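The values are calculated or read from the model by the stated rules, or taken from the named source; none is laboratory data. Please read all numbers here as calculations on a predicted model, not as lab measurements. Glycine also receives a Cβ, built like all others from the backbone with ideal geometry; neighbour counts cover every protein chain displayed.
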Amino acid sequence: MTSQNNPVRAMLAEAWASWAERGAALAAEDWDRPTRLPDWTVRELYAHVAPVPEMFTGLRVAVLDGPAEVTSGAGILRAYNRPGGIAHTAAGQVADLAKQAAEAAEPAVLIARFGVEGPAALAGLADLPPSTVVAHPLLGSATVGALGEVALMEATVHLLDLIAAVGGPAPAEGALNFTRDLLAEVADPVAFIEAAAGRSAGPVLPVIR
């Protein structure tokens, strides 16, 4: 899949703008609504997805020479979601961090991260090609493009969680199509094709936790 390109960054910025616009339209009581993610409120969902500018600016000092160990978003997701991977072992910690972040940040702060701070940090990396290799604490190294793919997927999947909780229009078509293709790429290709074509009833989904 040739998705590691600048349009991914554009779609990510568009997705963040949608989060900001939807957040600005929420009533005070909407922030405490439950979501379909167990024990997560809308505010905690926002806190989990909200871009942290320091994470993006930190990529510049993490640039490495040489080939990356992971070069695609699908590769990152496979590593995270394998048996015993961080998606399973750290799920509780991720939920706790979202709750802590939600308690520490007012809705206006979360909206600004999506509408102002995150996009500014992303624009500041415009000179780093998607093929740029950076150090990664769990994977050793990964490309900037691969990280961007996962960020877009996260923003899109969780935007569907938000819509299920408070309503609103669907995510942008480009982000939906991209996320569909990325998640399909995570699955074993033969198992996915046979299940999608009705040749097999073997378990294929979900591909991420």
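Output the number of residues of region 28-49 satisfying the condition of being buried (at least 19 other Cβ atoms within 10 Å of the Cβ) and within 20 Å of A112 (Cα to Cα).
Result for region 28-49: 10.
What is the one condition in (1) within 27 Å of T41 (Cα to Cα); (2) in contact (Cβ under 8 Å) with a residue 40 or more places away in the chain; (3) surrounded by fewer than 16 Cβ atoms within 10 Å (Cβ to Cβ) that G124 does not satisfy?
(1)
Evaluate the following for L45: is it touching a Ser or Thr at 6+ places or on another chain (Cβ under 6 Å) and either of a type in the set (D, E, K, R) or assigned to a helix (DSSP H, G or I) (or both)?
yes
On the basis of being small (G, A, S), surrounded by 23 or more Cβ atoms within 10 Å (Cβ to Cβ) and part of a helix (DSSP H, G or I), does A17 make the cut?
No.
The rows are residues; the columns are (1) surrounded by fewer than 17 Cβ atoms within 10 Å (Cβ to Cβ); (2) free of Cβ contacts under 8 Å to residues at least 24 places away in the same chain; (3) within 22 Å of R36 (Cα to Cα); (4) among the aliphatic types (A, V, I, L, M).
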{"residue": "L147", "(1), (2), (3), (4)": "no, no, no, yes"}
{"residue": "A151", "(1), (2), (3), (4)": "no, no, yes, yes"}
{"residue": "A165", "(1), (2), (3), (4)": "no, no, yes, yes"}
{"residue": "G168", "(1), (2), (3), (4)": "yes, no, yes, no"}
{"residue": "R180", "(1), (2), (3), (4)": "yes, yes, yes, no"}
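Return the residue satisfying two criteria in turn: it lies in region 179-201 and is in a helix (DSSP H, G or I) and more than 20 Å from G145 (Cα to Cα), and of such residues it is farthest from the chain's Cα centre (by Cα).
For region 179-201, the residue satisfying everything is E194.
Quick one: which helices (runs of 4 or more DSSP H) sit completely within region 59-169 and have at least 1 residues that are under 22 Å from A15 (Cα atoms)?
73-81, 91-104, 107-112, 118-123, 144-166
List the pairs whose first member sits in region 183-207 and is of a type in the set (F, W, Y), whose second member is at pLDDT below 90, and whose Cβ atoms are under 6 Å apart, counting only residues at least 6 apart or on separate chains?
Cβ pairs passing all conditions: F192/V204.
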